[in-house]
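The values are calculated or read from the model by the stated rules, or taken from the named source; none is laboratory data. Only a predicted model underlies this, so the values are computations on that prediction, with no experimental measurement involved. Neighbour counts run over all protein chains shown; Cβ positions are idealised from the backbone, glycine included.
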Amino acid sequence: MGKCSELPCFFFFTLLLLFLSAPHSCSQSQQSCDSSDLNALQGFVEGLQSSDLGWSFNGRSSSSNCCTWVGISCDVGSVLGKRVIGLDLSNKSLKGSVSSSLGGLNQLKQLNLSSNSLNGSVPVELFHLPHLELLDLSMNMLSGHIPAESNLPSIRLFNISANSFSGTHPILAGSSNLSVYDVSFNSFSGPVDTGICNSSGSIQLLRFLANMLSGDFPAGFGNCSSLSELSLGKNGLTGTFPEDLFTLSSLTQLNLQWNSLSDIVSNKIRNLSSLVHIDISNNNFSGRSRILNELEFFSASSNELTGGLPPSLSNCSRLTTISLRNNSLRGTIDLNFTALPKLNTLNLGTNLFSGSIPSDLPNCTQMQILSLSRNNLAGEIPSSFKNFTSLSGLFLARNKLSNLSSALQILQHLPNLTSLALTKNFLGGESIPSEGIHGFANMEVLVLADCGLLGSIPQWLANLGKLKFLAISLNHLTGTIPLWLGNLDNLFYLDISDNSLTGEIPTSLTLMKSLMYSNSSRATSQDFPFFIESNSNGKTLRYNQFDSFPPSIFLNSNKLVGSILPGFNGLANLHALDLSFNNISGIIPDLSGMLNLESLDLSHNHLTGTIPLSLTRLNFLSSFNVAYNNLTEPGRFQRKANLIRLMIHQFTWVIIIFVDLRLKSTVPKK
């Protein structure tokens, strides 16, 4: 009985202890955040114009436990409450200003407000948070100066890129733990201050890209002994490489593109033994290029490099990109491409290379982009190119190639080929093949302009269902414009100008789907320069992506007859229409439905009647030419907001009339 009597006592005391401890556990689980932190957060929200954070400030109720709110993290807490140590509100659609009340979060370690629409200046209090280790304000619309007296002793990552900050860039003196520093894509000006390397010996990443920094390339980066990336591209830096730059043995990425640096490429670059990525394009570097065997990315385009291709390139088995476009390199292209199995992009365009196209290029089984345009290469496209199955973009314009028929029969076997530019080749009076071509199922861009080709528009083009961009201008093509040309649903850019085409404009061209509606599927991931020579002024236009070209139809400089089809009025997405230098007659129909039209050229035809008043509704029209027709009077135009120039020819004289057509300064919707 005694043992039995002890057992209830044990359970009694156990239950008593559980009961007494229960309130304490409950209070810990419901512990609210510190009141000063709560006030700081409330002040921040009140400074916003709009947010959808779902935070609720209801006195000391459970809903005021900010540690459970979206984007907030707290420490373990004390008797006074938990302290906010992390605030991650990236990509939360925040609009408005950043309140100085955030400076009250004096235990904050991480602050991430990136990818929002915050504007105005950043309060100085944010640059005096003693425990802050991460500050990310990137991709907003913030502006103003960063205070010189910033004091962030614990900061490790500092990212204020993609804003509109100005003045001198911060150096964060006293930030001995700084590892990542990114002030790219702002408006900082003045010289680059390498004093930032004196602040911390552990800096690994420095990004100053796309600012307005100027002056000579400064010495002092050698003090950043742990630096792995240095990016100073797209500024206004001048001068030569400082000696201490070559002491950075840990440097893996060096981006200096789009400056005005000038130097003979030094052998000392070999001291950068860890370098795998170097971009010195668009500068004034001269001499012969020097290559490191461990390189993976090498771009020295648009410089003043001379000589031939360095044979050491063949030793860089890890190379994925070689871009030496727009230099003065010469000789033959005699690299050992079998030794470059990872090469993805080779751009040797706009140089002085001669000889033939290397037949071993298809041994680069991962190559997708090949540009040898604007050189002096001769001969035919090698038959080995049938095996170039990885290739998606081939640019061989402005060489001295021959045998177009053979080229197309070879290249039609490439299943992934989407872009082919062969402009200004085959100048021996060749004909465009009318049969024997059955491939190019994935072709999106085809440029065969200025080749002096004979024949007619070939039927096999009708099978290119994915074609978006077709330029076969400046040839000697004859016959009529085929009806099926307007049935290519994805075609948004058609240039068949400067030929000898006859007949009337087929109605199918007024029903082109990609010109009737905005086509979001036009976008492409291929980023490569496309050049088009304007027929009117001889100037060459460059677009970095073919889908950047405005939707256009160029039928000018042929022998077309008939009238301007009223159906053109339905092409609401068309930006440019050129029917000039033909034999088109009749009146100018109502074209007011062409809402995005920017350029309309109807000159040098046999048009009669008046200019329709409905043209005043074309808000984006900035170029309109009806010179050298038989128009009787320009008509009456209402005054709008801006003036453009119309050229109206009356028999043998030209009247220059300024007419208000409400031009917009905004870019038209596509």
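Counting the residues of segment 450-463 that are farther than 17 Å from THR418 by Cα and either surrounded by 23 or more Cβ atoms within 10 Å (Cβ to Cβ) or over 33 Å from the mean Cα position of the chain (by Cα) (or both) gives 9. Residues in segment 233-243 that are at pLDDT 95 or above and either over 21 Å from SER286 (Cα atoms) or among the charged types (D, E, K, R) (or both): LYS234 only.
Here is a list: SER266, SER286. Which entry is touching a helix residue (DSSP H, G or I) at 6+ places or on another chain (Cβ under 9 Å), modelled with pLDDT under 95 and over 25 Å from SER161 (Cβ atoms)? Write out each step before concluding.
Numbers: SER286 fails: touching a helix residue (DSSP H, G or I) at 6+ places or on another chain (Cβ under 9 Å).
Selected residue: SER266, the only one of SER266, SER286 that is touching a helix residue (DSSP H, G or I) at 6+ places or on another chain (Cβ under 9 Å), modelled with pLDDT under 95 and over 25 Å from SER161 (Cβ atoms).
In this structure, LYS466 does not qualify as closer than 17 Å to LEU577 by Cα and surrounded by fewer than 21 Cβ atoms within 10 Å (Cβ to Cβ).
For segment 470-495, which residues satisfy the criterion of being assigned to a loop (DSSP other than H, G, I, E, B) and either in contact (Cβ under 8 Å) with a residue 40 or more places away in the chain or in contact with a helix residue (DSSP H, G or I) (Cβ under 9 Å, 6 or more places away or on another chain) (or both)? Outline the logic, then answer.
The initial filter retains those residues of segment 470-495 that are assigned to a loop (DSSP other than H, G, I, E, B), namely 472-477, 479, 481-482, 488-492.
Correct list: ILE472, SER473, LEU474, ASN475, LEU477, ILE481, PRO482, LEU488, ASP489, ASN490, LEU491, PHE492.
Filtering segment 83-91 for residues that are buried (at least 19 other Cβ atoms within 10 Å of the Cβ), farther than 26 Å from SER50 by Cα and basic (Lys, Arg) leaves an empty set. When LEU411 is tested against the conditions (1) buried (at least 23 other Cβ atoms within 10 Å of the Cβ); (2) within 21 Å of ARG398 (Cα to Cα), the lone failure is (1).
Each residue in segment 570-599 was checked for being polar (S, T, N, Q) and buried (at least 16 other Cβ atoms within 10 Å of the Cβ), and 5 of them qualify.
A Cβ distance below 7 Å, combined with a sequence gap of six or more or placement on separate chains, defines the contacts here; from segment 127-156, residues that are more than 18 Å from LYS95 (Cα to Cα) reach residues that are among the acidic types (Asp, Glu) in the pairs SER154/GLU133; ILE155/GLU133; ARG156/GLU133. For segment 414-438, the candidate set comprises residues that are over 14 Å from GLN368 (Cα atoms) and of a type in the set (S, T, N, Q); within that set, the residue that is surrounded by the fewest Cβ atoms within 10 Å (Cβ to Cβ) is SER434.
When the strands (runs of 3 or more DSSP E) confined to segment 107-193 are screened for residues that are among the hydroxyl-bearing types (Ser, Thr, Tyr), those reaching at least 2 such residues are found at 164-167, 187-190. Evaluation of SER273 against the conditions (1) at pLDDT 95 or above; (2) within 27 Å of LEU348 (Cβ to Cβ); (3) surrounded by fewer than 22 Cβ atoms within 10 Å (Cβ to Cβ) shows that the sole unmet condition is (1).
Within the bounds of segment 88-99, is there any residue that is of a type in the set (Ser, Thr, Tyr), within 18 Å of SER121 (Cα to Cα) and in a strand (DSSP E or B)? Yes, segment 88-99 has at least one match.
Filtered by the rule that a residue be assigned to a strand (DSSP E or B), closer than 11 Å to SER563 by Cβ and in contact with a Leu (Cβ under 9 Å, 6 or more places away or on another chain), segment 596-608 gives LEU607, THR608. Return yes when LEU230 is more than 15 Å from LEU324 (Cα to Cα) and either at pLDDT 90 or above or not basic (Lys, Arg) (or both) and no when it is not. Yes; evaluated as a whole, the condition is true for this residue.
Looking only at segment 295-316, count every residue that is over 18 Å from SER262 (Cα atoms) and out of contact with any Leu (no Cβ under 7 Å at 6 or more places or on another chain) and tell me the total.
Initial filter on segment 295-316 (over 18 Å from SER262 (Cα atoms)): 295-297, 308-316.
Still in the running and out of contact with any Leu (no Cβ under 7 Å at 6 or more places or on another chain): 297, 310-312, 315.
So the answer is 5.
Based on this model, can you work out whether LYS424 counts as closer than 18 Å to ASN490 by Cβ, modelled with pLDDT of 95 or more and touching a Lys or Arg at 6+ places or on another chain (Cβ under 8 Å)? Talk me through it step by step, then tell me what you get.
Working: closer than 18 Å to ASN490 by Cβ: no; modelled with pLDDT of 95 or more: yes; touching a Lys or Arg at 6+ places or on another chain (Cβ under 8 Å): yes.
Taking the combined requirement at face value, the residue does not satisfy it.
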